[in-house]
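Right, one structure below, let's go through it.
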Amino acid sequence: MSNYLVIGGSSGIGAQLTAQLVQSGHRVYATYNTHSIHTESANLSFHSLNVLDESISLDFLPDTLDGLVFCPGAISLRPFARIKPEEFIADFNLQVIGAVKVIQTSLTKLKLGKNPAIILYSTVAVQLGLNFHTQVAISKGAIEGLTRSLAAELAPTIRVNCIAPSLTDTPLAASLLNSEQKVEANALRHPLKRVGTANDIANMTEFLLSDKSTWITGQIFHVDGGMSSVKL
């Protein structure tokens, strides 16, 4: 049984991943921001954490940690000219500085873990030039740089990888998929002709945390229905 920390484990991809890890027999420490979660599982506990706080505490963790997954994110698709500089900063603080705080706070415990791994999330928009994606692409581009740099610095002890999805059917993307017409239109943009699911991304995350991926680090995995690499 491994000890895993899932930041943002109460919704979307984080919730799906948490459920899968517990089902696989692991001990999961998941966090939520505003809405408390009750669980009856002996191998799952939820803890309040706001990654935007100036300092954070992870005192609820055991002495050793085998994996860390950072799920918090935001999708704000607007024309570049209408986004204020402070809004770029706020997004960067959530998606990048939040990850930095959590990783720095967890490092000692991760170094004591068994084949420890850190998993971060990017977006297909970093590789592709997409209209109205400047805000999220800036933050997630930094996450990809962080992934590669940390993979070098923390090797050979801790593996660091990143998953870059396309549009995924989660509460974060609800406004983009709130009608059958939007779902169909977005599905048709992908070579595999469907929108991604939380399960698609959680499956890849679980693999990258597992002993099946112990020779993989510093990679950006495009789990995106073929959108970033296949032209039909």
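A short reminder: the numbers here are calculations on the coordinates, not readings from a lab. Just so we're clear, the structure is a prediction, and the values are computed from it rather than from any experiment. Here the Cβ positions follow ideal geometry from the backbone for every residue, glycine too, while neighbour counts run over all protein chains shown.
If only residues of the stretch 197-218 that are small (Gly, Ala, Ser) and either touching a strand residue (DSSP E or B) at 6+ places or on another chain (Cβ under 6 Å) or assigned to a helix (DSSP H, G or I) (or both) are counted, the one that is nearest to residue 163 (Cα to Cα) is 202. Residue 90 meets each of the listed conditions (1) free of Cβ contacts under 8 Å to residues at least 12 places away in the same chain; (2) touching a Cys at 6+ places or on another chain (Cβ under 9 Å); (3) among the aliphatic types (A, V, I, L, M) apart from (2). Only one of the numbered conditions (1) closer than 22 Å to residue 167 by Cβ; (2) surrounded by 14 or more Cβ atoms within 10 Å (Cβ to Cβ) is not met by residue 105, and that is (1).
Checked against the criterion of being of a type in the set (Val, Ile, Thr) and either within 23 Å of residue 148 (Cα to Cα) or free of Cβ contacts under 8 Å to residues at least 24 places away in the same chain (or both), the candidates 69, 28 yield just one match: 69. Return a yes/no flag: does the stretch 119-138 have any residue that is farther than 24 Å from residue 198 by Cα and β-branched (Val, Ile, Thr). No. Considering 59, 53, 63, the condition of being free of Cβ contacts under 8 Å to residues at least 60 places away in the same chain, within 25 Å of residue 214 (Cβ to Cβ) and surrounded by fewer than 15 Cβ atoms within 10 Å (Cβ to Cβ) is satisfied by 63 alone. Any residue that is in contact with a Gly (Cβ under 6 Å, 6 or more places away or on another chain) and exposed (fewer than 15 other Cβ atoms within 10 Å of the Cβ) - is there at least one of those in the stretch 203-224? Checked against the condition, which is being in contact with a Gly (Cβ under 6 Å, 6 or more places away or on another chain) and exposed (fewer than 15 other Cβ atoms within 10 Å of the Cβ), the stretch 203-224 yields no hits at all.
Can we say residue 166 is in contact with a Leu (Cβ under 8 Å, 6 or more places away or on another chain), over 19 Å from residue 92 (Cβ atoms), polar (S, T, N, Q) and in contact (Cβ under 8 Å) with a residue 24 or more places away in the chain?
So residue 166 fails the test.
Of the residues 198, 173, 202, which is touching a Ser or Thr at 6+ places or on another chain (Cβ under 7 Å) and closer than 22 Å to residue 141 by Cα? After applying the criteria, what remains is 198. Residues in the stretch 170-191 that are closer than 18 Å to residue 15 by Cβ and touching a helix residue (DSSP H, G or I) at 6+ places or on another chain (Cβ under 7 Å): 170, 171, 172, 177. Listed by position, the helices (runs of 4 or more DSSP H) inside the stretch 63-177 whose residues that are of a type in the set (Ser, Thr, Tyr) and closer than 23 Å to residue 47 by Cα number at least 2 are 98-111. The criterion of being among the hydrophobic types (A, V, I, L, M, F, W, C) and under 18 Å from residue 209 (Cβ atoms) holds for residue 28.
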